[in-house]
1. Considering region 38-58 alone, what residues qualify as being within 18 Å of LEU113 (Cα to Cα) and either surrounded by fewer than 10 Cβ atoms within 10 Å (Cβ to Cβ) or free of Cβ contacts under 8 Å to residues at least 24 places away in the same chain (or both)?
2. Quick check on region 105-151: of everything there that is closer than 24 Å to ALA245 by Cα and of a type in the set (Val, Ile, Thr), which residue is modelled with the lowest pLDDT?
3. Evaluate the following for PHE61: is it outside any loop (DSSP other than H, G, I, E, B), aromatic (Phe, Trp, Tyr), out of contact with any strand residue (DSSP E or B) (no Cβ under 6 Å at 6 or more places or on another chain) and surrounded by 18 or more Cβ atoms within 10 Å (Cβ to Cβ)?
4. Across region 300-340, which residue is nearest to ASN142 (Cα to Cα) among those that are in a loop (DSSP other than H, G, I, E, B) and among the hydrophobic types (A, V, I, L, M, F, W, C)?
5. Being farther than 22 Å from VAL316 by Cβ, among the acidic types (Asp, Glu) and assigned to a strand (DSSP E or B) narrows it down to one residue among GLU241, GLU230; which is it?
6. Out of the residues in region 285-299 that are assigned to a loop (DSSP other than H, G, I, E, B) and among the polar types (S, T, N, Q), state the one that is farthest from ARG309 (Cα to Cα).
7. Can you tell me which condition THR26 does not meet? The list is (1) modelled with pLDDT under 85; (2) closer than 30 Å to ALA108 by Cβ; (3) surrounded by 10 or more Cβ atoms within 10 Å (Cβ to Cβ), and all the others hold.
8. Can you tell me which residue among GLU70, GLU156, GLU134 is part of a loop (DSSP other than H, G, I, E, B), of a type outside the set (Gly, Ala, Ser) and within 17 Å of the chain's Cα centre (by Cα)?
Amino acid sequence: KMNAKIDTSTSQSADSLIIDFIGPLTSLDTINIEVSNVIDRAGSKSELIKVKLFTSLLADFNNDFRVDVEDLAALISTWPNVEMGPATGTIPYLTPQPDGKSNLRDIAVFTRLWRWSLNNNGAQRKMIADLGNEPSMEVNSNEIKFNISEDIRSGEVFIDYSRLDGSVSLKNNNIEENKVVIYEHDHEQKFLLVNFGALKAADDDQISISIERNNTQESGIDLDYRFFNEFAEIISSGKKEIELAAIPTEFALHNNYPNPFNPTTTMRFDLPIQTDAKVVIFNMLGQKVKTFDLKALSAGYHSVKWNARNDLGDPVGAGVYFYQLQTNNFTRTKKMVLLK
């Protein structure tokens, strides 16, 4: 605090003066100490003693002058024994006003300092060693889902999508009880940084990233990840390149193969967008024989295989059948022949 008086208490021994500063102290403050008229046992007076001290950055648990995922992991590991909010002052020179509670005010102070640190230090891909098991992921042309196991209490995902003609976005960024999610999306430098933490042990969770593509060509994104356990120890880290396959420009239903067939055949179809779809097989009388009900299929090239059995699992007779692709935007029918 500019020219502010700090409460202190002092004690001394034969050769030492101990000064205790009574908090709370302001983040990134400077403390100037001057000691004069010190007389030793021989009666000699010392020169003026000047000492300059600097307070640490609030929320910087590991004292590296950054507030990042490592500090979030430390916060999660010590929660609820955390007191940093509410706070007064201007970022980063905040003075905590302890209220004896660990709640959203503490998380809000941490988040403000996290953003300040990111703006001052920037976000970039780090040298990260491969450690532990690679995270479980579900990847398609429209979305990446990270499956967060219960032993992961906090973590960071950095997505560099400079190879993608399009953008990405965090899907589940809504506020949830006992969950911290902080993210930064830079559309110009084309990166998305996500930090997350669970204030309480929870069941398996997911982080979902939507992918929005401007064209149908092959492309890719690059990501870094670091995951921590309840003791703020890294249990998984590494880098991964994700290649995104080309996607079709229009709906299509292709000829099955083989045709004629016995007893199995494959029906291929193309989806230019994510959608629900059905592949329905009819007999010559127009009766439904088999239905493949496919929910939330990603944009891309798909196929289903039919083993000449109906919905009850019973084998059907030889003859001509029709298979139909049904979506909200497209319906197409083709013919096939089952031999016995």
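The values are calculated or read from the model by the stated rules, or taken from the named source; none is laboratory data. Everything quoted here is computed from the prediction, not taken from an experiment. Don't worry about glycine lacking a Cβ; one is built from the backbone with ideal geometry, like all the others, and counts go over all protein chains shown.
1. Filtering region 38-58 down to residues within 18 Å of LEU113 (Cα to Cα) leaves 54-58.
Correct list: PHE54 only.
2. Looking at the filtered set, the residue picked out is VAL139.
3. Working: outside any loop (DSSP other than H, G, I, E, B): no; aromatic (Phe, Trp, Tyr): yes; out of contact with any strand residue (DSSP E or B) (no Cβ under 6 Å at 6 or more places or on another chain): yes; surrounded by 18 or more Cβ atoms within 10 Å (Cβ to Cβ): yes.
Judged against the criteria, PHE61 is not a match.
4. Among residues in region 300-340 that are in a loop (DSSP other than H, G, I, E, B) and among the hydrophobic types (A, V, I, L, M, F, W, C), the one nearest to ASN142 (Cα to Cα) is PHE330.
5. Details: GLU230 fails: assigned to a strand (DSSP E or B).
That would be GLU241, the only listed residue that is farther than 22 Å from VAL316 by Cβ, among the acidic types (Asp, Glu) and assigned to a strand (DSSP E or B).
6. Pass one, region 285-299, residues assigned to a loop (DSSP other than H, G, I, E, B): 285-287, 298-299.
Those still in the list that are among the polar types (S, T, N, Q) too: 287, 298.
On the way: GLN287: 14, SER298: 27 Å.
The qualifying residue farthest from ARG309 (Cα to Cα) is SER298.
7. Going through the list (1) modelled with pLDDT under 85; (2) closer than 30 Å to ALA108 by Cβ; (3) surrounded by 10 or more Cβ atoms within 10 Å (Cβ to Cβ), THR26 breaks only (1).
8. Details: GLU70 fails: part of a loop (DSSP other than H, G, I, E, B); GLU156 fails: part of a loop (DSSP other than H, G, I, E, B).
It is GLU134.
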